[in-house]
1. Could you tally the net charge around E123, taking each other residue with its Cβ under 12 Å from the Cβ of E123, Lys/Arg +1 and Asp/Glu -1?
2. Could you list which residues have their amide H under 5 Å from that of L216, counting only those 5 or more apart in sequence or on another chain, with H placed in the peptide plane?
3. Among rounded, prolate and oblate, which fits the stretch 215-270 when a ≥ b ≥ c are the square roots of the eigenvalues of its C-alpha gyration tensor, a/c under 1.5 means rounded, and a/b larger than b/c means prolate?
4. Peptides 113-124, 55-66, 267-278: what's the order by average Cβ count within 10 Å, highest mean first?
5. Can you list residues whose amide H is under 5 Å from Y338's amide H, if they're 5+ apart or on another chain and H is modeled 1.01 Å from N?
6. Measure off, as a whole percent, the carbon and sulfur share of the 1.4 Å-probe accessible area of the stretch 224-278, all protein chains present.
7. What number, in nm² with one decimal, is the all-direction average of the projected area of the convex hull of the alpha-carbon atoms of the stretch 213-348?
8. What is the antiparallel percent of DSSP beta bridges lying wholly in the chain, to the nearest 5?
Amino acid sequence: MTIRPAAIGVPVLAAVLVLTGCQTQNKSGTSSGSSSSDKVTIMVGGAAKVIYMPAKLTEQLGYFKDQGLNVELVDTPAGVTAETALLANQAQGVVGFYDHTIDMQAKGKCLQSVVQFANVPGEVEMVSKAQAGTIKSPADFKGRKLGVTSAGSSTDFLTQYLAGNAGVGTADYTTVKAGADSTFIAAMNSGGIDAGMTTDPTVARLTKTGDGKILLDMRTEEGTKKALGGLYPASSLYMACDYVAAHKDVVQKLANAFVKTLGFITSNDAAAIAAKMPADYAGTDKELYIKSITDSKGMFNATGVMDPDGAKNALAVLGKFSPAVKPKKDTIDISKTYTTDFAKAAKN
């Protein structure tokens, strides 16, 4: 089981992913929901991001194998491309932000969070050193270049909300696809963005060098409530509703594995967690990587169970600006965007 990079839209990779469906065929030719070694492909919207750490950590701890699962983690730069792969039946699950399930219901698609990793975004709005004296709140976003992972990503959603809530419309600033890690840092250092939303370990790197300053910190409940008016469930395992209904045994095994990992994160310090991760995740600065986990590990939800009020607040946030969600806000059935059944039944 290995993480490999994804390039959605490349025909060869797409062909490979199509072959990774977890259904097996019985003698009559019909589909069966599981086997002794269930194969599941899960897209991860940035595997090196601490917010999505449970995906690789679960693999490293051997919890997928313990459940009899054969899981392939496929790394993709942003949650929106992971979502695209899921909708194209190129994967069975996505480790990404919960808010995509709300956005997709507004567009007539049914996706469901089955394990909620965190009830806060874990995102940080960073301001470049050059602009730290002039950008002191989202009200100062007007006329600025603001970095997001990509258009349609959760960082884009949150940026639109923060700006709009401060009276700054999307036409008043320039959205820049800045990615994460080295590309985000390069954009900030070169003046390609004045501010932008990112996560650890990028936040830790920027604060260590002094090239970036924290404007809004949504790695904690307090910071999230201040910025977004309440909790905002974020990193999760979400899947297509019809897949969840047809493969409850596989979904339960995944929930068992992930909830056990969430327990590991809660009961161990950052150094112990970092020691279980691949060495290349830390790069050349292991202590900085440990710090990035320390600064973000409090965001994780030990039970994997969705906070219902947080889900409602996510809908309220999207309903204020999203072209898809805003006109349908009152008709969105929030109960269909997540389930707590599997996390509550998880064995750890």
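1. Here the charged neighbours net out to -3.
2. Excluding prolines and chain starts, which carry no amide H, the hits are E125.
3. Oblate shape, in that a/c is at least 1.5 and b/c is the bigger or equal ratio.
4. For the peptides 113-124, 55-66, 267-278, the packing ranking is 113-124, 55-66, 267-278.
5. Amide H neighbours of Y338, under 5 Å, 5+ apart: S113.
6. Carbon plus sulfur share of accessible area: 55 percent.
7. 10.5 nm²
8. DSSP beta bridges in the chain are roughly 50 percent antiparallel.
The values are calculated or read from the model by the stated rules, or taken from the named source; none is laboratory data. None of the values given here were measured: they were computed from a predicted structure. Every residue, glycine among them, receives a Cβ derived from its backbone with ideal geometry; neighbour counts consider all protein chains shown. Calculation scope for accessible area: heavy atoms of the full protein, side chains included, ligands and nucleic acids excluded. Shrake-Rupley method; radii C 1.70, N 1.55, O 1.52, S 1.80 Å.
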